[in-house]
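Input: a single structure, listed below in structure tokens.
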Amino acid sequence: MSRFGGVGTIPWRAAAAEEVLIGAAPGTALFREAAEAAIVDPFIVPGTAFKVELAKRTIMRTLETVAG
């Protein structure tokens, strides 16, 4: 289960996403793969399911921004 500060209640390091990114050439497909790896089996409650896709898109946009 993955949780992120601002989305979940406890910030966690996304080690699986880091593994995807280390040594790889930046790109949209890689960033999507990292986002998918970061959020596996999310805990959701009624009315919060949209946060899963929002978090993935936020991860992708952040990676695109820092990659230039």
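The values are calculated or read from the model by the stated rules, or taken from the named source; none is laboratory data. The shown structure was predicted, so the numbers you read here are calculated from the model rather than taken from an experiment. Cβ atoms come from the backbone with ideal geometry, glycine included; neighbour counts cover every protein chain shown. The protein model used for the area step is the full one, side chains on, heavy atoms only, and it has no ligands, DNA or RNA in it. Shrake-Rupley method; radii C 1.70, N 1.55, O 1.52, S 1.80 Å.
Does Thr28 meet the test of being surrounded by fewer than 12 Cβ atoms within 10 Å (Cβ to Cβ), at pLDDT 95 or above and over 9 Å from the mean Cα position of the chain (by Cα)? Considered against the rule, which asks whether it is surrounded by fewer than 12 Cβ atoms within 10 Å (Cβ to Cβ), at pLDDT 95 or above and over 9 Å from the mean Cα position of the chain (by Cα), Thr28 comes out as yes. Scanning segment 15-50 for residues that are among the polar types (S, T, N, Q) and part of a loop (DSSP other than H, G, I, E, B) yields a single hit, Thr48. Scanning segment 41-67 for residues that are touching a residue at least 24 places away in the same chain (Cβ under 8 Å) and open to solvent by 80 Å² or more (accessible area, probe 1.4 Å) turns up Asp41, Phe43, Leu54.
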